[in-house]
Every structure is written in C-alpha cells, then in structure tokens.
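Trainee: Dropping a structure here in structure tokens format, bear with me for questions.
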Amino acid sequence: MFEAVILTTIPELTQKEFDDLLPLVSSEKQKRIKHFHFFWDAQNCLLGDLLARVEICRFTDIRMKQIEFAVNEYGKPFVVDKPRTQFNISHTDHYIACIIADEPVGIDIELIKNADMKIAERFFTPDETAYIIDDKWQANRFYEVWTKKESRIKWEGKGLYKPLPSFSVFESSNQEQLTYHKVFHNDKAICHVCSTKQSPPSVKVIDTATFIQRIIKCE
C-alpha cells in the first residue's frame, strides 16, 4: 500500500456538487469549510478530506462515512483505530495531492513561482541554498527543496514545531533512511513524498469528474 493521487480541480465543482458532497465529511469539518470566505478554499478543503476518505476506503474494509479522523498533538491527521493506514494530504491552487501508505508518510505540492532567495536564506540550509543559486532553473530547484522539506516535517508529524533550517534534504546519512519521491512535476506545480520506502509509490492523476465517480463507488 503506497499510492499517490493528484486531483486537478479544473473545472471547479458546481454549487450543487459542492452541496451534495459536503454531508460526506464530519460535522466538525463541515463547520470549518463553511467558515472559508472564498469558494476555492472551501472546495479544496472539502475535496482534500474526501480524497483521503476515498483512498482509505479503497485500501481498507472501512466504508467512507465510517472513517473517523483525529489529529496528533502537532495537528497531523490520522485514522482512528487504523494505525497501519497512514495518509497525508496537501493542496495548492487547483491541485490536491494525497498519499496513502502502511507506514508514516508526508506529501507536499506547491505552485512553481519565482524563487524567493530571502526565504531560502531564512529557512534553508547553506547547501540547499547553494543548490538553488548554482542553477539557472532557480524556481524549479527552490520548490523542489521546499516540497521536500515540507513533506519531511509532515512525515515526522511535528509540523512547524520542527524548524525548517534544522535539517537538509541532502543529508546522506540519517537513521531513518528517508527517501524523497517526486510524484508530480509540470510547468505549474511540483510534488514530493517523504517516506522510508525506497521504491516510489504508484501515481494517478485524476480530474473532478473521475473523482466524483470514485466517491459514488465508496459510499
């Protein structure tokens, strides 16, 4: 069990689709979703939750509505009573990414914009910063490092309680033997998964229409 799914949310959900899907998440998550000011943010939050539910449903004996999420002391979500079913989600703009595995895992997806070297100097290690500066494709390398670092702290489950400058994604010796898998990359976005698994996950890229059909099968 090691699969990444990239959901592209263009076209966005219709209001009817949104309203039909909202009752499929917990009442607590519904309240959170309704507090968003912008439809795009509410949609991504809803679809991220549902994407995790559908993937968990596909790999376990739990029906989608029976899945109960909780969070650890640092805010990382997990499936209640299913310790061997690990997942993580990330979203940016019109991309939502989900990874599911049988051990701790982290995922991060980001839009590729201009490289901000002030951010690099503040949050990256010297070797990471040098890696970005020494290449003409600075933006790609900046977000390569960024998504690797974010996926690492999400793998560890401590969120920003672990300072980004406290480790380098180029560390060659660490007791966990972590691997960063690039699971998605085009001219707009890049996504990395952090795991102790050496072989890469299977990857599927789907659109909203395909995803809604998956939801129907898992209800």
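Trainee: Which members of segment 143-169 meet the condition of being in contact with a Lys or Arg (Cβ under 6 Å, 6 or more places away or on another chain) and assigned to a loop (DSSP other than H, G, I, E, B)?
Mentor: Correct list: Gly157, Val169.
Trainee: Then there is this: Specify which of the listed residues (Asp127, Asp187) is part of a helix (DSSP H, G or I), more than 26 Å from Pro104 (Cα to Cα) and open to solvent by 60 Å² or more (accessible area, probe 1.4 Å).
Mentor: After ruling out the rest, the residue left standing is Asp127.
Trainee: Touching a residue at least 24 places away in the same chain (Cβ under 8 Å) and either under 21 Å from Ala52 (Cα atoms) or part of a loop (DSSP other than H, G, I, E, B) (or both): which single residue out of Asn88, Asn140 fits that description?
Mentor: Every option except Asn88 fails the conditions.
The rows are residues; the columns are (1) at pLDDT 95 or above; (2) closer than 28 Å to Met1 by Cβ; (3) open to solvent by less than 30 Å² (accessible area, probe 1.4 Å); (4) not β-branched (Val, Ile, Thr).
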| site | (1), (2), (3), (4) |
| --- | --- |
| Ile132 | no, no, yes, no |
| Lys136 | no, no, no, yes |
| Thr147 | yes, yes, yes, no |
| Tyr161 | no, yes, no, yes |
| Leu178 | no, yes, yes, yes |
| Ser202 | yes, yes, no, yes |
| Val205 | yes, yes, no, no |
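Trainee: Report whether or not Phe211 is of a type outside the set (Asp, Glu), within 19 Å of the chain's Cα centre (by Cα), open to solvent by less than 60 Å² (accessible area, probe 1.4 Å) and under 30 Å from Lys16 (Cβ atoms). Explain how you work it out, then say what you get.
Mentor: Numbers: of a type outside the set (Asp, Glu): yes; within 19 Å of the chain's Cα centre (by Cα): yes; open to solvent by less than 60 Å² (accessible area, probe 1.4 Å): yes; under 30 Å from Lys16 (Cβ atoms): yes.
So Phe211 passes the test.
Trainee: Which condition number does Glu110 fail, the rest of (1) closer than 25 Å to Ala70 by Cβ; (2) in a strand (DSSP E or B); (3) touching a Cys at 6+ places or on another chain (Cβ under 8 Å) being met?
Mentor: It is condition (1) that Glu110 fails.
Trainee: Filtering segment 71-100 down to residues that are of a type in the set (Ser, Thr, Tyr) and within 15 Å of Gly157 (Cβ to Cβ), which residue is most open to solvent (accessible area, probe 1.4 Å)?
Mentor: Here the answer is Tyr74.
Trainee: Write out, first by first residue and then by second, each pair whose Cβ atoms fall under 8 Å of each other, whose residues are 6+ apart or on separate chains, and whose first residue, in segment 53-71, is under 11 Å from Thr85 (Cα atoms) while the second is of a type in the set (S, T, N, Q).
Mentor: From segment 53-71, the pairs are Ile56/Thr85; Phe59/Thr85; Thr60/Thr85.
Trainee: Report, by residue number, each residue of segment 64-88 that is out of contact with any strand residue (DSSP E or B) (no Cβ under 8 Å at 6 or more places or on another chain) and on the phi < 0 side of the Ramachandran plot.
Mentor: Correct list: Met64, Lys65, Gln66, Glu73, Tyr74, Lys82, Pro83, Arg84.
Trainee: List every residue pair whose Cβ atoms lie under 8 Å apart, where the two residues are 6 or more positions apart in sequence or sit on different chains, the first residue falls within segment 154-167 and is farther than 19 Å from Ile109 by Cα, and the second residue, located anywhere, is in a loop (DSSP other than H, G, I, E, B) and open to solvent by less than 70 Å² (accessible area, probe 1.4 Å).
Mentor: Pro165/Phe124; Pro165/Thr125; Phe167/Thr125
Trainee: Under the condition of being in contact with a Leu (Cβ under 8 Å, 6 or more places away or on another chain) and surrounded by 14 or more Cβ atoms within 10 Å (Cβ to Cβ), which residue from segment 191-200 is farthest from Phe2 (Cα to Cα)?
Mentor: Here the residue is Cys194.
The values are calculated or read from the model by the stated rules, or taken from the named source; none is laboratory data. If you're wondering where the values come from, they're calculated on a predicted model, not measured in any experiment. Cβ atoms come from the backbone with ideal geometry, glycine included; neighbour counts cover every protein chain shown. Ligands, DNA and RNA are stripped out before the accessible areas are found, and what is left, the full protein with its side chains, is counted by its heavy atoms. Shrake-Rupley method; radii C 1.70, N 1.55, O 1.52, S 1.80 Å.
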